[in-house]
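So the structure is just underneath, and the comments pick up after that.
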Amino acid sequence: MTTPPLPREPLPLEPLPLEPLREDWERALCVVAHPDDLEFGGAAAVARWTGQGKQVVYCMVTSGEAGIDGLHPDECRTVREAEQVESARVVGVTTVDFLRLPDGVLEYGVPLRRAIAAEVRRHRPEVVLTNNFRDTFGGSNLNQADHIATGRATLDAVRDAGNRWVFPDQLVGDLEPWGGVSEVWAAGSPEARHGVDVTDTFEAGVASLRAHAAYLDGLGWEGFDPAEFLEGLGRQVGQRMGVALATAFERFPLGWGG
Ligand SMILES: [Zn+2]
């Protein structure tokens with residue numbers, strides 16, 4: 001009788017299955033720190049929803065003007081805003097707001113909540129998307145400070161928006177409190193338990209990432225191919241939903257018992 005060899009390393013944990021996100025809504029607002037944040041996975045889901053006739057609006061907290069090493073922010077801002085507008089267009093999004101807060105040095109706090117709450121009051125979405133705001137993207141892949149500030153502020157701002165006594169100076173003219181956001185979804189979170197089947201809209205997602213050509217060039221990632229990268233990611237997530245390609249979200253229900 002022989003003794004079975006001990007495994008050299010722990011067996012990887014089976015990834016948890018993902019539940020589909022709800023689709024019984026009409027209006028979504030996506031609030032992210034930088035142009036390109038939605039395009040590393042989330043945009044294919046946006047293409048699916050706009051294809052269903054839903055209205056999706058993008059809000060960029062910064063213009064990503066500190067994102068290209070060889071280009072001064074004054075020039076970079078114009079380039080990146082134009083790339084984001086095109087990137088939105090290819091997934092059916094025609095409204096892109098730029099809050100023009102400073103790239104790289106965003107701070108979580110009342111001013112950021114105020115700016116995002118105004119967007120929520122203006123667009124009156126039922127669901128709000130944001131970027132992953134956990135400390136990492138999984139393992140030791142550290143998240144970035146602007147993403148963490150933006151996601152946390154977004155989660156708070158959707159509740160601020162519903163309270164008429166918070167930022168009351170915004171409530172002039174037609175602008176009313178808006179407490180109609182039922183869920184916030186953070187794209188690419190390592191804590192994701194939900195997903196969206198993007199098998200049919202994957203190509204639009206790739207086109208939206210390719211629209212960030214100057215930014216991707218500036219990164220200088222040798223041999224980076226948007227299609228290959230997004231497909232690798234999409235297949236992994238797809239396995240957790242039993243579909244070919246999917247994108248993952250962490251879901252934060254608002255109110256009690258959601
Ligand atoms: Zn970013």
Legend entry - Residue ID - nearest to TYR108 (Cα to Cα), chosen from residues in region 146-175 that are touching a Phe, Trp or Tyr at 6+ places or on another chain (Cβ under 8 Å) and away from the ligand (no atom under 16 Å from the Cβ): LEU155
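So in region 191-203, with the set limited to residues that are open to solvent by less than 40 Å² (accessible area, probe 1.4 Å) and not β-branched (Val, Ile, Thr), which one is nearest to THR247 (Cα to Cα)?
Among those that are open to solvent by less than 40 Å² (accessible area, probe 1.4 Å) and not β-branched (Val, Ile, Thr), it is GLY195.
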Inset, instruction - Return yes when GLY220 is crowded, with 16+ Cβ neighbours inside 10 Å and closer than 27 Å to ILE68 by Cα and no when it is not. - result: no
Inset, instruction - Go through (1) modelled with pLDDT of 95 or more; (2) open to solvent by 30 Å² or more (accessible area, probe 1.4 Å) and name the single condition GLY173 misses. - result: (1)
Legend entry - Criterion violated by VAL206 - all others in (1) crowded, with 17+ Cβ neighbours inside 10 Å; (2) within 16 Å of the ligand (Cβ to nearest atom); (3) over 21 Å from ARG27 (Cα atoms) satisfied: (2)
Legend entry - THR78 vs. criteria closer than 22 Å to GLY205 by Cβ, more than 16 Å from the ligand (Cβ to nearest atom) and open to solvent by 20 Å² or more (accessible area, probe 1.4 Å): no
Inset, instruction - Could you tell me whether any residue of region 127-140 is under 19 Å from ALA186 (Cα atoms), open to solvent by 70 Å² or more (accessible area, probe 1.4 Å), part of a strand (DSSP E or B) and within 14 Å of the ligand (Cβ to nearest atom)? - result: no
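For (1) at pLDDT 95 or above; (2) part of a loop (DSSP other than H, G, I, E, B); (3) farther than 27 Å from MET241 by Cβ, each residue gets a yes or a no:
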residue: LEU155; (1), (2), (3): yes, no, no
residue: VAL158; (1), (2), (3): yes, no, no
residue: GLY162; (1), (2), (3): yes, yes, yes
residue: ASP169; (1), (2), (3): yes, no, yes
residue: TRP178; (1), (2), (3): yes, yes, yes
residue: VAL181; (1), (2), (3): yes, yes, no
residue: SER189; (1), (2), (3): yes, yes, no
Inset, instruction - Return yes when ALA118 is assigned to a helix (DSSP H, G or I), surrounded by fewer than 22 Cβ atoms within 10 Å (Cβ to Cβ) and of a type outside the set (Asp, Glu) and no when it is not. - result: yes
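Can you spot a residue in region 47-54 that is at pLDDT 95 or above and within 15 Å of the ligand (Cβ to nearest atom)?
Just the residues of region 47-54 that are at pLDDT 95 or above, to begin with: 47-54.
Narrowing the set further to residues that are within 15 Å of the ligand (Cβ to nearest atom) leaves none.
Within region 47-54, not a single residue is at pLDDT 95 or above and within 15 Å of the ligand (Cβ to nearest atom).
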Inset, instruction - Among residues belonging to region 55-73 that are over 17 Å from the mean Cα position of the chain (by Cα) and away from the ligand (no atom under 16 Å from the Cβ), point out the one that is modelled with the highest pLDDT. - result: HIS72
Legend entry - Residue count for region 35-53, restricted to those that are over 9 Å from the mean Cα position of the chain (by Cα) and either open to solvent by 20 Å² or more (accessible area, probe 1.4 Å) or of a type in the set (Val, Ile, Thr) (or both): 6
Inset, instruction - For GLY70, indicate whether it is touching a helix residue (DSSP H, G or I) at 6+ places or on another chain (Cβ under 7 Å) and surrounded by fewer than 19 Cβ atoms within 10 Å (Cβ to Cβ). - result: yes
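The values are calculated or read from the model by the stated rules, or taken from the named source; none is laboratory data. Bear in mind that the values here come from a model prediction, so they are computed numbers and not experimental data. Using ideal geometry, Cβ is built from the backbone for each residue, glycine included, and neighbour counts are taken over all protein chains shown. Quick note on the areas: whole protein, heavy atoms, side chains included, nothing else; ligands and nucleic acids left out. Shrake-Rupley method; radii C 1.70, N 1.55, O 1.52, S 1.80 Å.
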